[in-house]
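Pasting in a structure now, in structure tokens, and then I'll have a few things to ask.
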Amino acid sequence: ERVTININSPGGYVTTGLRIMQAMFNCKANVETYGVGPCASIAACIWAAGKTRILSEPLGSLMVHMPSSQVGGKTLDIAEECKFTNEFFAGLIRQLFGGVLTTEELDKVINERTDSYFPADVINQRIATNNNKALEGCEV
């Protein structure tokens, strides 16, 4: 049994993306993700959450970055929420993209807060080299 998800998206709401990823992780079927176009932001994370991951060439690509957020409230609450969010997403990005992105690329995404772009041919070669290792024990 398998589920196929075709992705061509600039991203969207992080909370919605996390719900989709949770459903993927809970699914007993093999979830295959195909980047049929650009997979950016939370859409890149959804793509990376697949057990089988493929980016279509030449149109598929990944754009990975730390999420942006809008928080309000007391300054101490905001600081605590920002710290939690940064730590949560740093761990999630490392888990989702480990084996696809290099340690240096992951550090750049997490620490420099930049948008990082990766073409399909580079990502597919890395996946092939790593035997398309599926995520094990990944949870949102």
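The values are calculated or read from the model by the stated rules, or taken from the named source; none is laboratory data. Bear in mind that the values here come from a model prediction, so they are computed numbers and not experimental data. As a convention, Cβ positions derive from the backbone with ideal geometry for all residues, glycine included, and neighbour counts pool all protein chains shown. Note: areas computed on protein heavy atoms with side chains; ligands, DNA, RNA excluded. Shrake-Rupley method; radii C 1.70, N 1.55, O 1.52, S 1.80 Å.
Which of Ser9, Pro38, Met21 sits farthest toward the positive end of the charge dipole of the chain, with +1 on the Cβ of Lys and Arg and -1 on the Cβ of Asp and Glu?
Sorting the options by dipole projection puts first Met21.
Follow-up. Can you tell me how the stretch 10-73 classifies by the Cα gyration tensor, rounded, prolate or oblate, using a/c under 1.5 as the rounded cut?
Details: a/c = 3.35, a/b = 1.29, b/c = 2.60.
It comes out oblate by the Cα gyration axes.
Still on this structure: Nearest 500 deg cm²/dmol is fine: what mean residue ellipticity at 222 nm does the chain get from its DSSP H runs of n ≥ 4 alone, each adding -39,500 (n - 2.57), divided by its residue count?
Working: 5 runs with 62 residues, N = 140.
So the helix-based figure for the chain works out to -14000 deg cm²/dmol.
First compute the accessible area of the chain with a 1.4 Å probe, then give the percent of it belonging to carbon and sulfur atoms.
Accessible surface attributable to carbon and sulfur in the chain totals 52 percent.
For Lys28, which aspartates and glutamates qualify as cross-link partners when the Cα separation must be under 19 Å and same-chain residues fewer than eight apart are set aside?
Result set, ordered by chain and number: Glu1, Glu136, Glu139.
While we're on this one: Give me the accessible area per residue for the chain, probe 1.4 Å, as a whole number in Å².
Averaged over the residues of the chain, the accessible area is 58 Å².
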